[in-house]
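Participant: The structure's right below; bear with me while I get my questions together.
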Amino acid sequence: MIILNKSGIKKAREISIKLQEEDLDHHLFVQGLTKLGLENELFYAISKSFERIKNTHLLLFAMQEIGLLETRGDVKGFYEHSDFHKRKQKLMLYENVRRTSVEDLFSYLEWQLNRLAYCNIGYDNQEVPENVSSSMFGSLISTIPWICLAIRNVEPLKGRKKNISKRNSICKRVISSAGYFKTISTQISEVLRGDYNIVTSHSFYKKYGITENMKSIGFDKLDFFIELTNHTWRKNEIYRDLNYKHYINREETNDAIFEIAKKSGFVSSTDNGKLLKIDFAKGNDFQKEVSLKKSIVLLSVVYGGIDNQFTFNEKRFFIRDLVDIYKCIFNFCEKIQKENKRTVKSGGAKIFSGTKNKLLSTLKIPKNKSYLLELFSLKVERGLTFPSTWLPIIKIGTLYYIIPTYAKDHPIENLIDRILSREEISLDYSKGVGKGHLFEDYLKKKLEEGGYKVNRVKRSQKKNIPEIDGLFTLGGKYLILYEAKASIPPEEREDAYRFADNHISKALEQLDKRIEFIEKRPTEFEARTRYSAKELEIIPFIVSNAHYFSGAQFTSPNGHDVWFMDATTFLNILCNEEIKAWEPNGPNSDYTYQHSSVSLTSLESKISALKKPYQFLKSTHRGTIQILEHGVGFEIAYETQIF
């Protein structure tokens, strides 16, 4: 994966604009960028804007001639092959969107999501296994912004079709072509960003061989196979997902859970607290309150509390206001979903469509917060080439739409984090804890409870001394230097890319400055920490409350190896001297794992676990290779389960 800092991203945007010129000499332009060492900025620019670039095939030919594609496989051939099929699917998508109305299409999407969620019925009216319907549900959710992309570039019909069968037939084709369009576009972007190398079918057969059974399931149609550039990523991905699932349900104490249960009415006491009464009808309210509390905790860790303020278009609001609007949307969607669940077999599904005033009235949003509604609305406008960030409300012209199941699918913390990360939002920490400081304090407290003496260094601009979030010695041999990065855990790959651009790139630069300070200004370092680092090996970490990149290794601009670690695993290794180990529960492909704890008593065992936690995934279920209709194959893995 290519990670750029702010100046690198700015340069990539400039390159992207240049690449859109009609008469550009691609060979000369690429040669100039190569001499300046801007190869990564070039790849980044193409990955973000290949839809808008003029003569992409000529650009890739120039890059191939200059030698920029040598280690990546036949990128040019893959792009030309994929682009042909992408254009074909895009044309089919646009043609079918023209043949239906927005109301019919959105109603169909809601109905199909309900069928997958409640009945495990796929697009062909056939019942499918639960893990397959779950995968199809997630895929359809992520496809909806791409359908909106088509709506803003064509003119759909008005009104609704009386013939439900005809509506379903057209809308099914919309889903199919939008899904392929999204998949192919995403693959092109990820290949260009450096996530995958290209393996031709000839090289694939030579490397892995091909059996008659493989031919029967489509391997004889393989043209290109996209292979992860990071060969440890899949194992690391499974390990951190299992850890996340293990820990996420153990975050609340019994007392906290009991308080939430009482607040929601799920549990009440009688006879002076001697007897407990459980109202199972309030079970859903209880689960909502637990989920909301966890979301608010995450938002507080990152943003210092939901009572901090922000400015949007010169108006000031509290983060709590965004939470309140989300709750209004969520409650409305839940009410409509209950009605839709009852009519799922008859083919009907309600959505919301109407003016802004009707929406405000329906959602019961107070007048003083109505201005914020725009932050929750995906604006479907003409001329844009890529879908906007996921938002729960869809605005087309002057009308607003809510597809209930789609609107409430993403967690509140991810939605509000996306909103607060927008360029037009300005955060104000003058009356609260600064962004990320709660997480820094939490790490220091836990490490010191584990027996470590954690030092911080305050920034001094006058003396050119960088701020250091935390560092401590380990076994008299190592100096653990960490940069704390509080973040809302990424839900989608695009969120992960944004986290890498906004947080990881900055952390890598900061760690370079801190290592330089420790190594080149030992006297000033010793004055602030009361010990010398001259004989210690510095091991830099990025420690985050998010798990997505946990176990990954990055290289800083100055060439230092830097390890990324989630806080739970980091503290478990150092303070509890243990790490979770996972192994498959049986040989079947149900991706079920069971865990055990491995003791880490020696110094080197701790260091090894910190650098490569995924080594404790004892073995993995073999991934499945999927060949799409257009002849591109890739490895997939089903969702893991804990035994």
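Participant: What number of residues in the range 32-46 are part of a helix (DSSP H, G or I) and either open to solvent by less than 70 Å² (accessible area, probe 1.4 Å) or in contact with a helix residue (DSSP H, G or I) (Cβ under 6 Å, 6 or more places away or on another chain) (or both)? First the steps, then the outcome.
Facilitator: First pass over the range 32-46, keeping only residues part of a helix (DSSP H, G or I): 32-35, 39-46.
Cutting the leftovers down to either open to solvent by less than 70 Å² (accessible area, probe 1.4 Å) or in contact with a helix residue (DSSP H, G or I) (Cβ under 6 Å, 6 or more places away or on another chain) (or both) gives us 32-34, 39, 41-46.
Here the count works out to 10.
Participant: If you don't mind, another one. Counting just the residues of the range 443-478 that are closer than 22 Å to GLU509 by Cβ and more than 33 Å from the chain's Cα centre (by Cα), which one comes out most open to solvent (accessible area, probe 1.4 Å)?
Facilitator: Here the residue is LYS462.
Participant: How many residues are open to solvent by 10 Å² or more (accessible area, probe 1.4 Å), among the small types (Gly, Ala, Ser) and either touching a Phe, Trp or Tyr at 6+ places or on another chain (Cβ under 9 Å) or at pLDDT 90 or above (or both) if we restrict to the range 397-435?
Facilitator: Number of matching residues: 2.
Participant: Here is a list: PRO540, PRO557. Which entry is part of a loop (DSSP other than H, G, I, E, B) and in contact with a Leu (Cβ under 8 Å, 6 or more places away or on another chain)?
Facilitator: Numbers: PRO540 fails: part of a loop (DSSP other than H, G, I, E, B).
Exactly one of PRO540, PRO557 is part of a loop (DSSP other than H, G, I, E, B) and in contact with a Leu (Cβ under 8 Å, 6 or more places away or on another chain), namely PRO557.
Participant: Among the numbered criteria (1) open to solvent by 40 Å² or more (accessible area, probe 1.4 Å); (2) touching a helix residue (DSSP H, G or I) at 6+ places or on another chain (Cβ under 9 Å); (3) at pLDDT 90 or above, which single criterion is violated by LYS345?
Facilitator: Single failed check for LYS345: (3).
Participant: Let me ask something else about it. Determine whether the range 149-160 contains at least one residue that is among the basic types (Lys, Arg) and more than 26 Å from the chain's Cα centre (by Cα). Outline the logic, then answer.
Facilitator: In the first step, residues of the range 149-160 are kept if they are among the basic types (Lys, Arg); the result is 152, 158, 160.
With the extra rule that they be more than 26 Å from the chain's Cα centre (by Cα), the set shrinks to 158, 160.
Yes: one or more hits.
Participant: Additional query: With the structure loaded, tell me whether GLU252 is open to solvent by less than 60 Å² (accessible area, probe 1.4 Å), at pLDDT below 60 and either assigned to a helix (DSSP H, G or I) or not assigned by the TED database to the domain that holds TYR591 (or both) or whether it fails that test. First the steps, then the outcome.
Facilitator: On the way: open to solvent by less than 60 Å² (accessible area, probe 1.4 Å): yes; at pLDDT below 60: yes; either assigned to a helix (DSSP H, G or I) or not assigned by the TED database to the domain that holds TYR591 (or both): yes.
Answer is yes for this residue.
Participant: Sort out which residues of the range 110-140 are out of contact with any Leu (no Cβ under 7 Å at 6 or more places or on another chain) and in contact (Cβ under 8 Å) with a residue 60 or more places away in the chain, and write them in order of number.
Facilitator: Within the range 110-140, GLU110, TRP111, ASN114, ARG115, ALA117, TYR118, CYS119, ASN131, SER134, SER135 qualify.
Participant: Residues that are more than 20 Å from GLY551 (Cα to Cα) and out of contact with any strand residue (DSSP E or B) (no Cβ under 7 Å at 6 or more places or on another chain), at least 2 per element: which strands (runs of 3 or more DSSP E) completely within the range 592-643 meet that?
Facilitator: Details: elements: 592-599, 624-627, 632-636.
The strands (runs of 3 or more DSSP E) meeting that bar number zero.
Participant: Where residues in the range 222-249 are among the polar types (S, T, N, Q) and modelled with pLDDT of 60 or more, which of them is farthest from GLU190 (Cα to Cα)?
Facilitator: Keep residues of the range 222-249 that are among the polar types (S, T, N, Q), which gives 229-230, 232, 236, 243, 249.
Next, from what is left, pick out any that are modelled with pLDDT of 60 or more: 229-230, 232, 236, 243.
Numbers: THR229: 11, ASN230: 13, THR232: 17, ASN236: 18, ASN243: 26 Å.
Ranking the qualifying residues of the range 222-249, first place goes to ASN243.
Participant: Here are some residues: ASP195, ASP223. Which one is touching a residue at least 60 places away in the same chain (Cβ under 8 Å) and open to solvent by 50 Å² or more (accessible area, probe 1.4 Å)? Before the answer, list the steps.
Facilitator: Values: ASP195 fails: open to solvent by 50 Å² or more (accessible area, probe 1.4 Å).
Testing whether each residue is touching a residue at least 60 places away in the same chain (Cβ under 8 Å) and open to solvent by 50 Å² or more (accessible area, probe 1.4 Å) leaves just ASP223.
Participant: Shifting gears a bit: When LYS182 is evaluated against the numbered criteria (1) at pLDDT 75 or above; (2) part of a helix (DSSP H, G or I); (3) closer than 30 Å to MET565 by Cα; (4) not β-branched (Val, Ile, Thr), which criterion, by number, is the only one it fails?
Facilitator: Status for LYS182: all satisfied but (3).
Participant: Of the residues that sit in the range 15-31 and are touching a residue at least 24 places away in the same chain (Cβ under 8 Å) and of a type in the set (Asp, Glu), which one is surrounded by the fewest Cβ atoms within 10 Å (Cβ to Cβ)? First the steps, then the outcome.
Facilitator: Of all residues in the range 15-31, those touching a residue at least 24 places away in the same chain (Cβ under 8 Å) come to 15-16, 19-22, 24, 26-27, 29-31.
So of that shortlist, the ones also of a type in the set (Asp, Glu) come out as 21-22.
Numbers: GLU21: 12, GLU22: 6.
Step by step, filter the range 15-31, then rank; the result is GLU22.
Participant: Under the condition of being within 21 Å of GLY159 (Cβ to Cβ) and basic (Lys, Arg), which residue from the range 98-120 is nearest to the chain's Cα centre (by Cα)?
Facilitator: Keep residues of the range 98-120 that are within 21 Å of GLY159 (Cβ to Cβ), which gives 98-112.
Imposing the further condition that a residue be basic (Lys, Arg) reduces the set to 98-99.
Values: ARG98: 32, ARG99: 33 Å.
The residue in question is ARG98.
Participant: If you don't mind, another one. Could you list, in sequence order, all residues of the range 16-73 that are among the acidic types (Asp, Glu) and under 29 Å from the mean Cα position of the chain (by Cα)?
Facilitator: Filtering the range 16-73 down to residues among the acidic types (Asp, Glu) leaves 21-23, 25, 39, 41, 51, 65, 70.
Correct list: GLU39, GLU41, GLU51.
Participant: Just wondering, is there one or more residues in the range 573-592 that are in contact with a helix residue (DSSP H, G or I) (Cβ under 9 Å, 6 or more places away or on another chain), modelled with pLDDT under 90 and open to solvent by 50 Å² or more (accessible area, probe 1.4 Å)? Spell out the reasoning first.
Facilitator: Here is the first cut: in the range 573-592, the ones in contact with a helix residue (DSSP H, G or I) (Cβ under 9 Å, 6 or more places away or on another chain) are 573-575, 577-582, 590-591.
Still in the list and also modelled with pLDDT under 90: 590-591.
When the remaining residues are screened for being open to solvent by 50 Å² or more (accessible area, probe 1.4 Å), the result is 590.
Yes, the range 573-592 contains at least one residue that is in contact with a helix residue (DSSP H, G or I) (Cβ under 9 Å, 6 or more places away or on another chain), modelled with pLDDT under 90 and open to solvent by 50 Å² or more (accessible area, probe 1.4 Å).
Participant: Right, here's the next one. So which of PHE564, PHE570 is part of a helix (DSSP H, G or I) and surrounded by 17 or more Cβ atoms within 10 Å (Cβ to Cβ)?
Facilitator: Details: PHE564 fails: part of a helix (DSSP H, G or I).
Of the residues listed, the single one that is part of a helix (DSSP H, G or I) and surrounded by 17 or more Cβ atoms within 10 Å (Cβ to Cβ) is PHE570.
The values are calculated or read from the model by the stated rules, or taken from the named source; none is laboratory data. On a predicted model such as this, the values are computed, not experimentally measured, just so you know. Virtual Cβ from ideal backbone geometry, glycine too; neighbours counted across all protein chains shown. Please note that ligands, DNA and RNA were not included when accessible areas were found on the heavy atoms of the full protein model with its side chains. Shrake-Rupley method; radii C 1.70, N 1.55, O 1.52, S 1.80 Å.
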